[in-house]
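Down below is the structure, laid out as structure tokens.
The values are calculated or read from the model by the stated rules, or taken from the named source; none is laboratory data. Note that the structure is a prediction, hence the values are computed from the model and not measured. Glycine also receives a Cβ, built like all others from the backbone with ideal geometry; neighbour counts cover every protein chain displayed. The area values use the complete protein model at the heavy-atom level, side chains included, leaving out ligands, DNA and RNA. Shrake-Rupley method; radii C 1.70, N 1.55, O 1.52, S 1.80 Å.
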Amino acid sequence: MSVVAVIPARGGSKGLPRKNILPLAGKPLLAHTVLHARAAKRVDRTLVSTDDAEVAEVARAWGAEVPFMRPAALATDHATTEVVLQHALAWLESEAGVRVDVVVLLEATAPLRAPGLVDEVVARLDDPDVDTAFTVVRDHGYFWSRDGDRVVRLDPVYEPRQVRRPRWRETGSVYATRAVVVRGGERIGPRVSLIEQDDVDALVDVHSAFDLWLAERVLVEGRAQR
């Protein structure tokens, strides 16, 4: 299979300005994910999709390709990850003439991944009956939603944790999807395989100053104790 990793990293961020290039444990936040992609044996190319010249410079400095600049219309707060992946795949296939079988989505905001995790996720697609594989973590919470003034309980009953049916939450760390699914504008196909991620790694998702502080503590202090 021809496997391309795509790392979305736009320049704008309201919660934590310029977060993709802020320092984390001695290197830019984005660099951690670029290095994870480059270390993966099953990834052939690592691309960063960005609209920002400085982010592009950082990405190239750490070994990623930035063969195009993302259009401004795909770098707004409302632009979905799905259209960003679709744009990157279309560019590779139409402009560069590259055949792609599998697209790997790696979020720069999830800088903690165990060695070999990216390859483990991609390997699930060796099974022809799997369209998408992605990382998850067990979630024992109870959830509610709000529709105007109406509050709705999503879990019908409370059950002891020991007997409750396991639930899984996407961590957003690694997705591997067949290119045909991405061409259709989706990131997850109908047939999925789940890979459980380490609880601590899954905990870190950098969108605020506190998240960045937590990631620093885990990388610098926590990993040495695990």
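Residue check: Val220 meets all listed conditions (1) at pLDDT below 95; (2) among the hydrophobic types (A, V, I, L, M, F, W, C); (3) touching a helix residue (DSSP H, G or I) at 6+ places or on another chain (Cβ under 9 Å); (4) over 15 Å from Pro115 (Cα atoms) but one, namely (3).
What residue, among those in the stretch 14-35 that are part of a loop (DSSP other than H, G, I, E, B) and open to solvent by 30 Å² or more (accessible area, probe 1.4 Å), is modelled with the highest pLDDT?
Of all residues in the stretch 14-35, those part of a loop (DSSP other than H, G, I, E, B) come to 14-18, 22, 25-26.
Next, only the ones that are open to solvent by 30 Å² or more (accessible area, probe 1.4 Å) stay: 14-15, 17-18, 22, 25-26.
Numbers: Lys14: 75, Gly15: 77, Pro17: 88, Arg18: 92, Leu22: 96, Ala25: 93, Gly26: 93.
Result: Leu22.
Of the residues contained in the stretch 124-132, none is found to be more than 24 Å from Ser193 (Cβ to Cβ), open to solvent by less than 80 Å² (accessible area, probe 1.4 Å), among the aliphatic types (A, V, I, L, M) and touching a helix residue (DSSP H, G or I) at 6+ places or on another chain (Cβ under 9 Å). When Gly189 is tested against (1) under 21 Å from the mean Cα position of the chain (by Cα); (2) more than 20 Å from Val4 (Cα to Cα), just one condition goes unmet, and that condition is (2).
Within the stretch 100-114, does at least one residue satisfy the condition of being surrounded by fewer than 19 Cβ atoms within 10 Å (Cβ to Cβ), in contact with a Lys or Arg (Cβ under 8 Å, 6 or more places away or on another chain) and farther than 30 Å from Leu24 by Cα?
Of the stretch 100-114, the ones surrounded by fewer than 19 Cβ atoms within 10 Å (Cβ to Cβ) are 101, 107, 114.
Pick out the ones that are also in contact with a Lys or Arg (Cβ under 8 Å, 6 or more places away or on another chain) and you get 101.
Keeping just the survivors that are farther than 30 Å from Leu24 by Cα gives 101.
Within the stretch 100-114 (the criterion being surrounded by fewer than 19 Cβ atoms within 10 Å (Cβ to Cβ), in contact with a Lys or Arg (Cβ under 8 Å, 6 or more places away or on another chain) and farther than 30 Å from Leu24 by Cα), the answer is yes, since at least one residue qualifies.
Scanning the stretch 153-184 for residues that are under 30 Å from His32 (Cα atoms), open to solvent by 20 Å² or more (accessible area, probe 1.4 Å) and not hydrophobic (A, V, I, L, M, F, W, C) yields Arg167, Arg169, Glu170, Arg178, Arg183, Gly184.
Every condition in (1) crowded, with 22+ Cβ neighbours inside 10 Å; (2) more than 30 Å from Val220 (Cβ to Cβ) holds for Ala90 except the one numbered (1). Scanning the stretch 173-226 for residues that are part of a loop (DSSP other than H, G, I, E, B) and closer than 21 Å to Arg138 by Cβ yields Ile188, Gln197, Asp198, Val204, Asp205, Arg226. For the stretch 62-75, the condition of being within 16 Å of Ala110 (Cα to Cα) and part of a helix (DSSP H, G or I) holds for none of the residues. Only a single criterion out of (1) open to solvent by less than 60 Å² (accessible area, probe 1.4 Å); (2) assigned to a loop (DSSP other than H, G, I, E, B); (3) under 22 Å from Ala90 (Cα atoms) is not satisfied by Arg42, namely (1).
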